[in-house]
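The values are calculated or read from the model by the stated rules, or taken from the named source; none is laboratory data. Small disclaimer: the values here were computed from a predicted structure and weren't measured. Cβ placement follows ideal geometry from the backbone for every residue including glycine, while neighbour counts extend to all protein chains displayed. To get the accessible areas, we keep the full protein, side chains included, count just its heavy atoms, and leave off ligands, DNA and RNA. Shrake-Rupley method; radii C 1.70, N 1.55, O 1.52, S 1.80 Å.
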Amino acid sequence: MSTIALKGEHWDGHTHGDGINHRHHKIRHKHGEGSSIDFYAYASNIRDWNPAFKVSLSMLTLVLSIVLNNPYVSLAVIVAMGYLTIIEGGLSIQAYLSILMIPISFILLGTITIGIDFSTQPIGQYNLHLGFFYVFTSLAKLKIMFFLMLKVFAAISAMEMMSLSTPSSEIISVMQRVHVPKLFTELMNLIYRYIFILIDVNIKMRNSANSRLGFCDIKTSWYTFGKIASNLLIVSFKKANAYYDAMEARCYDGDLIFLEEDKKVTTLQIAKAAVFVSFLMLLWGFTR
Amino acid sequence: MGEPILKIRDLHYAYGNGTPALNRIDADIYEGEKIAVIGSNGAGKSTFFLNANGVLTPDRGEISYRGTIINKKNLKELRKNIGIVFQDADNQIIASTVMAEVGFGPMNLKLPKEEVLRRVEEALTYMNILDYKDRPPHYLSGGEKKRVSIADIIAMKSEIIIFDEPTAGLDPLNTQMLEEVLDKLGSEGKTMLISTHDVDFVYRWAERAIVFSQGKIIADGTPLKIFQSEEILKKANLKRPTLMEVYDLLVEKHLLEDTKAYPTSTQAFKEMLGNM
């Protein structure tokens, strides 16, 4: 079901003036295939940066914004990562914000419970009478809640910087280099490629079911959904077989090795990253 | 003609359910031949290809490549030298960028990285898709995916290239592109086997046709000879190429002299009519 929601989302994204599509004619985005984050990663202007550099910068920033636990650091991280993604990467602001907003409901639900509390007595700095009980909060608590939100957003924007500029295959190759077990990385590679094929098959089956009134009422819809799910399983087995034949035909002998392009990391990039990290440290030092 | 590159003798293969898919197949493939493999669905063409490449192991019979009989140990040699372009490009494309995909075969051959890069570049230029190098396959169109799947095999530099129904699902423009690629490969002396249902294509392109029916080879010869035999056409459920039909009709109506010199292309036909 989630694939459908995803599809609808970027359908909207594209009809309502999506900047990226106009600027990057090199990659045509076909509707109904995959997620928009994946698409943006391929279209990013900083895609040719060394993936290991991007992954480590994003991880380091993520760790710093959590460990340092400082609202100024969080703000600096949000601004810097936004700069990298939007100005350097060339992603439109609307697209960036809409992706950042995906986890907003989780964040709000999570942080509100920290900011407010319930009581039967009218206590706290501010309180609101709601029939049988009071909702109360204080300035200090609101502050904690706000800072926590900043921290979460900083962490998310650091991760988004990575995922909006580095295609999954490159992230996987970085994992391979830091010796994540081969079983996982090979599976990730295959699953990544496979997801798009299965989404495609799923859309085709749904369309053909829909054209035969397979979704005319709720009961039929559930029935059709089940049929499609089981059919998808059978199709995936068949595809796996065909895939294996094709791999063997090209001399596959148990090790999945892909050709990677060497992307050099420049000294300037490392220097800039070092300055940024030290700036975060100093900021933390001064505002502690 | 010399020694055949690929010699197949008494090949048997049955799938798990026991019904034989290939039954006593004998075939010799010589260097530089352009062979069409025809026959109805389920006649055993694809199974034959997978056996010839060593993906499937025959139940009986032997395959020799350049005089060496293929066994478990030198199987890789066979796979390296016989490439298959699969019917559905989505069943073949495995990597997440075009470059990694085309490099997959050469990487498996354990070539040095510079050599792999050179071959990938070469194959992509050959198929005119060098610009797609960094693109992921899931954002390519059907025709583009087909080109990638052909570049896959070109990068492996295999001696024999097998195309399994290459025109299936392609639009006329992409079909034309494919034929141009086939001509280009042919002019370089590549040995090619193509399975297809397009008899007109067989008639105009192939030098030799192998007809499969129910797991057996029922005919092996020039397309002209095969399409002239009513018996073979009936057995394999084949139609005659349009050009041959037209020629025969003209002969029948005494508009053309019956010299049995069937034209193989519309161009040749035009010239023939012009000479009258």
List the helices (runs of 4 or more DSSP H) that sit entirely inside segment B:200-268 and contain at least 1 residues that are out of contact with any strand residue (DSSP E or B) (no Cβ under 6 Å at 6 or more places or on another chain) and under 13 Å from B:Ile38 (Cβ atoms). B:223-228, B:230-235
If the Cβ limit is 8 Å and pairs must be 6+ apart or interchain, which residue in segment A:256-271 that is within 14 Å of chain B (Cβ to nearest Cβ) and in contact (Cβ under 8 Å) with a residue 12 or more places away in the chain pairs with which residue that is loosely packed, with under 14 Cβ neighbours inside 10 Å and of a type in the set (Asp, Glu)? A:Lys263/A:Asp48
Does A:Leu142 count as free of Cβ contacts under 8 Å to residues at least 12 places away in the same chain, surrounded by 12 or more Cβ atoms within 10 Å (Cβ to Cβ) and touching a strand residue (DSSP E or B) at 6+ places or on another chain (Cβ under 9 Å)? no
Exactly one condition in (1) touching a strand residue (DSSP E or B) at 6+ places or on another chain (Cβ under 6 Å); (2) more than 12 Å from chain A (Cβ to nearest Cβ); (3) not hydroxyl-bearing (Ser, Thr, Tyr) is not met by B:Asn51; state its number. (2)
Search result, residues across segment A:228-250 that are small (Gly, Ala, Ser) and either within 7 Å of another protein chain (Cβ to nearest Cβ) or over 30 Å from the mean Cα position of the chain (by Cα) (or both): A:Ala242, A:Ala246, A:Ala249
Anything in segment B:247-276 that is exposed (fewer than 15 other Cβ atoms within 10 Å of the Cβ) and of a type in the set (A, V, I, L, M)? List them, or say none. B:Leu249, B:Val251, B:Leu255, B:Ala261, B:Ala268, B:Leu273, B:Met276
Hits in segment A:231-262 - residues which are farther than 17 Å from B:Val102 by Cα and either open to solvent by less than 60 Å² (accessible area, probe 1.4 Å) or basic (Lys, Arg) (or both): A:Leu232, A:Val235, A:Ser236, A:Lys238, A:Lys239, A:Ala240, A:Ala242, A:Gly254
In the list B:Gly169, B:Gly189, B:Gly105, which residue meets the criterion of being of a type outside the set (Phe, Trp, Tyr), in contact with a Ser or Thr (Cβ under 9 Å, 6 or more places away or on another chain) and either in a loop (DSSP other than H, G, I, E, B) or within 21 Å of A:Glu261 (Cβ to Cβ) (or both)? B:Gly105
Among the residues of segment B:108-135, write down those that are surrounded by fewer than 17 Cβ atoms within 10 Å (Cβ to Cβ) and touching a Ser or Thr at 6+ places or on another chain (Cβ under 7 Å). B:Asp134
By residue number, the members of segment B:109-138 that are under 10 Å from B:Val98 (Cβ atoms), assigned to a helix (DSSP H, G or I) and facing another protein chain (nearest Cβ under 8 Å) are B:Val120, B:Asp131, B:Pro137
So which residues in segment B:1-29 are in contact with a Lys or Arg (Cβ under 9 Å, 6 or more places away or on another chain), open to solvent by 10 Å² or more (accessible area, probe 1.4 Å), under 20 Å from B:Ala206 (Cα atoms) and part of a loop (DSSP other than H, G, I, E, B), if there are any at all? B:Pro4
What number of residues within segment A:204-224 satisfy the criterion of being at pLDDT 90 or above and either in contact with a Cys (Cβ under 6 Å, 6 or more places away or on another chain) or surrounded by 15 or more Cβ atoms within 10 Å (Cβ to Cβ) (or both)? 4
B:Gly32: passes all of (1) part of a loop (DSSP other than H, G, I, E, B); (2) at pLDDT below 90; (3) over 30 Å from A:Phe39 (Cα atoms) but (2)
Can you tell me which residues in segment A:44-56 are more than 12 Å from A:Ser163 (Cα to Cα) and either touching a strand residue (DSSP E or B) at 6+ places or on another chain (Cβ under 7 Å) or buried (at least 21 other Cβ atoms within 10 Å of the Cβ) (or both)? A:Trp49
Looking only at segment B:56-95, which residues are facing another protein chain (nearest Cβ under 9 Å) and open to solvent by 10 Å² or more (accessible area, probe 1.4 Å)? B:Leu56, B:Lys76, B:Arg79, B:Lys80, B:Phe86, B:Asp88, B:Asp90, B:Asn91
Restricting attention to segment B:124-180, the residues that are at positive phi and at pLDDT below 90 number exactly 1
